[in-house]
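Written below as structure tokens is the structure these notes are about.
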Amino acid sequence: MNGLTIVFPIIIALFILLFYLGCPAPGRAELNSCGRRSFNKRDALTLGLIVILYSAVAFYNLGDTNAPQSFHRFESGESVVLDLESEQTVSSVMFYDGLGTGSYTLEYSHDGEYWYKAAELSQDYAALFKWISAEFVDGIDAQTRYIRICANDGLYLGEVAVEDENGELLKYRTDAIELCDEQSVVPDYQYYLNSTYFDEIYHARTAYEHIQGVYPYEISHPPLGKLIIAIGIKLFGMTPFGWRFSGVVFGIGMLPVLYTLLKKMFGGIAVPACGTAIFAFDFMHYTQTRIATIDTYAVFFILLMYLFMYLYVNSGRLRHLALSGVFFGIGIACKWTCFYAGAGLAVIWLIYRIGRLKDNCGVWQFIKNCLFCLVFFIAVPCLVYYVSYFAYATASGMHGVGMFFTKDYADIVIENQKFMFTYHSGVHSEHPYSSRWYQWVLDIRPILYYLLYFNDGSRSSFGAFLNPVLCWAGLVAVFLCAYLAIVRRDKPSAFIVIGYLAQLLPWVFITRTTFEYHYFPSAVFLTLALCRVFALMRTGTKYWRTNVYGLTALSLILFAVFYPVLSGQPVNSELATRLLKWLPSWPF
């Protein structure tokens, strides 16, 4: 951080201040939203444009569409010989690791009889579906004809690339044809475009294991999110594009859901369009939906469950309440953080039902509604959650519908719940990019997912944090909504504040290691709160379009400015630090 960069957050804060100076006084603001709440062609065109633009940006440079797909299965102690057919100068050997953890011993020989140790290569849990370079023992003779790979454990290896002193691939013969049948996909170096990074080492791997019928390595979260990741792998292979595809699709899918919710809450086109655009190009939304982890699916279903709960409290239709419960169940089958969202739904439902009691709806009607909720918020979610473990069961040798009714299946589900609770309550390890809830609300400590320096002075990096416009202006909007909910009894504001607190407050009391991406669900409610302010301006300020469109434009401009540290696009390292390290704790 230097004297120049501190100017930028100050400028953004001043813009936000000017934006709120254009907001009508909360005590006198007109709360009734105006504008058509039903969809028309203009809505479809506006939403379609946002979706198309975001889709193009999100899919661009998502990951390679080609990667080794065939793997040689090494038995423990098995060795494979690579014959270069003549003495060659070998500068490096790259491996593409598949499933299994252990190590290899790399040896070389001039005549195929006398072997010399060249390197030890570890294939640990963090190295799977990555290109790994072997570090040779210092001082070895790089002139060799034969290379022998000895597996010390049962391991899968996808491809082996042997390079000469000029970085050119050397051809070789081997009986293990899977090691040399896809040489065209060998990259120049390991990069996020061709390898797993961060928690993809767990979730992408587990998705692939589900496809292969292997009992999963990562069992610290419910299975459904990984099963969704597996859909992309089935479509595009076990490639970076394949394991990230589903996340981008669900990230795109959030946009029409959010637009619909905003349309129903505030009407018109400007407010839902601006809110959807701000959320679409939010830093967290962009980065988080492009990594093969499960948070995206949790947020998607949180959006759906709140959309249908909002429709229910405004229409009283049971089908909306039922759908809210169904999506709650699907959400918790992806990640437990959806339980927090469920707590918010319960509070909203209870406030609504108490209000109905006051309107003389009757105690019996209340009881019937409670019974309805027992079905759709407890029984149905439990059923969805229970069935989602089918891949664990089939990997254990169970088959058919009957397996769901066996004690063995039930034991798998129950034991996993015990493990998850113990695991998450015990995560207290130090991490250089961990952060606490009070840092999230002010964008103080982003998490850096990826960092690679190049020899030319450039670097590729990206992290997860909120766009300062959404983070800071949205936080002010939440406080404003809290005032409107308490003092003015504004129902949309109460709905927003309850949802926001439901996602944030549990983290205040959680002592485990946490990261900024845990704030991702809260970004939904920051967007809703900001749009509540947009709606207030629309009904109470003459030049509201200037404020609303101006803040939206500022958000999009910041996305463009920060794009290099959100996408991994190579950029001059020193320049990026000078311009983008706004706070000392930002890892750029």
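The values are calculated or read from the model by the stated rules, or taken from the named source; none is laboratory data. If you're wondering where the values come from, they're calculated on a predicted model, not measured in any experiment. In this analysis, Cβ positions are derived from the backbone assuming ideal geometry, glycine residues included, and neighbour counts consider all displayed protein chains. We work out accessible area using only protein heavy atoms, side chains counted, and drop any ligands, DNA or RNA first. Shrake-Rupley method; radii C 1.70, N 1.55, O 1.52, S 1.80 Å.
Can you give the relative contact order of region 55-206 as a percent, counting alpha carbon pairs under 8 Å and 6+ residues apart?
35
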Response to the item:
A correct Stokes-Einstein calculation for region 434-518, using the alpha-carbon Kirkwood radius, 25 °C and 0.890 mPa s, returns a whole-number D in µm² s⁻¹ of 165
Worksheet item: Applying 1/(1 + (r/R0)^6) with R0 = 35 Å to the Cβ-Cβ distance of Ser396 and Asn455, what FRET efficiency is obtained, to the nearest 0.05?
Response: 0.10
Worksheet entry | Hz values of 3J(HN,Hα) by residue in region 534-548 - Karplus curve (6.51, -1.76, 1.60), Gly and Pro given as x | 4, 5, 4, 5, 4, 8, x, 9, 5, 9, 5, 4, 4, 5, 5
Worksheet item: Once fully extended, how much extra length lies between Val347 and Phe39, figured as 0.36 nm per residue of separation less the alpha-carbon to alpha-carbon distance?
Response: 108.0 nm
Worksheet item: All other residues with a Cβ under 13 Å from the Cβ of Trp472 taken together, and with Lys, Arg as +1 and Asp, Glu as -1, what is their net charge?
Response: -2
Worksheet item: Between region 27-77 and region 311-326, what's the alpha-carbon centroid distance in Å?
Response: 25
Response to the item:
What the Cα atoms of region 63-161 span along the principal axes, largest first and in whole Å, is 36, 29, 24
Worksheet, complete the sentence: Cα-only Rg/Rh for the chain with Kirkwood Rh rounds to 1.03
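Given a Förster distance of 35 angstrom, what is the FRET efficiency for Ser55 paired with Val214, based on the Cβ-Cβ distance and rounded to 0.05?
Calculated transfer efficiency: 0.60.
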Worksheet item: In percent, what relative contact order does the chain have, based on Cα pairs under 8 Å that are 6 or more apart in sequence?
Response: 18
Fill in: For the chain, share of DSSP beta bridges that run antiparallel, in % to the nearest 5
100
Worksheet item: Efficiency by 1/(1 + (r/R0)^6): what FRET value for Lys542 and Arg488, r their Cβ-Cβ distance, R0 = 22 Å, to the nearest 0.05?
Response: 0.50
Worksheet item: Once you have the alpha carbon radius of gyration of region 145-284, what is it after dividing by 2.2 N^0.38 Å, with N set to its residue count?
Response: 1.49
Worksheet entry | region 206-261, relative contact order [Cα under 8 Å, separation at least 6], % | 27
Worksheet entry | Within the chain, helix-based [θ] at 222 nm, where runs of 4 or more DSSP H residues each add -39,500 (n - 2.57), nearest 500 | -16000 deg cm²/dmol
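Of Lys41/Lys542; Lys368/Lys418; Lys41/Lys234; Lys130/Lys581; Lys41/Lys358; Lys130/Lys335, which pairs sit farther than 32 Å apart, going by alpha carbon to alpha carbon?
Lys368/Lys418; Lys41/Lys234; Lys41/Lys358
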Response to the item:
Taking region 460-506, the whole-percent share of alpha-carbon pairs separated by over 15 angstrom is 53
Practice prompt. Pop a pseudo-label 7 angstrom from the Cα along the beta-carbon direction at both Phe366 and Thr65 and give the gap in nm to one decimal.
Written response: 5.9
Discussion item. Going 7 Å from the Cα of Tyr189 along its beta-carbon direction, which residues of region 149-174 have the amide nitrogen within less than 14 Å of the resulting point?
Written reply: 167
Discussion item. Using a 1.4 angstrom probe on the protein heavy atoms only, could you order Arg42, Arg37, Arg512, Arg173 from most to least accessible area?
Written reply: Arg42, Arg173, Arg37, Arg512
Worksheet, complete the sentence: Log entry: pair-distance distribution for region 1-99, C-alpha pairs binned every 5 Å from zero, whole % per bin is 2, 6, 7, 7, 7, 11, 10, 7, 7, 6, 6, 7, 6, 4, 3, 2, 1, 0
Worksheet item: Taking the Cα-to-Cβ direction at Ile177 and at Ser79 and moving 7 Å from each Cα, how far apart do the two end points lie in nm?
Response: 2.5
Discussion item. Order Arg488, Arg36 by their accessible area, 1.4 angstrom probe, all chains in place, largest first.
Written reply: Arg36, Arg488
Practice prompt. Let me know the longest stretch in the chain that avoids all GluC sites (Glu not before Pro) found in a DSSP loop with at most 10 other C-beta atoms within 10 Å.
Written response: 169-429
Worksheet item: Which percent of the accessible heavy-atom area of the chain goes to carbon and sulfur, probe 1.4 angstrom?
Response: 62
Discussion item. Expected output is a single nm value to one decimal: the length gained when fully extending between Glu113 and Glu30, i.e. 0.36 nm times separation in residues minus the C-alpha distance. What is it?
Written reply: 21.0 nm
Discussion item. For the chain, take the longest principal axis of its alpha carbons; what is the angle in degrees between that and the long axis of helix 318-332, to the nearest 10 within 0 to 90?
Written reply: 30
Discussion item. Report the Cα-based extents of region 516-579 along its three principal axes, largest first, to the nearest Å.
Written reply: 46, 29, 16
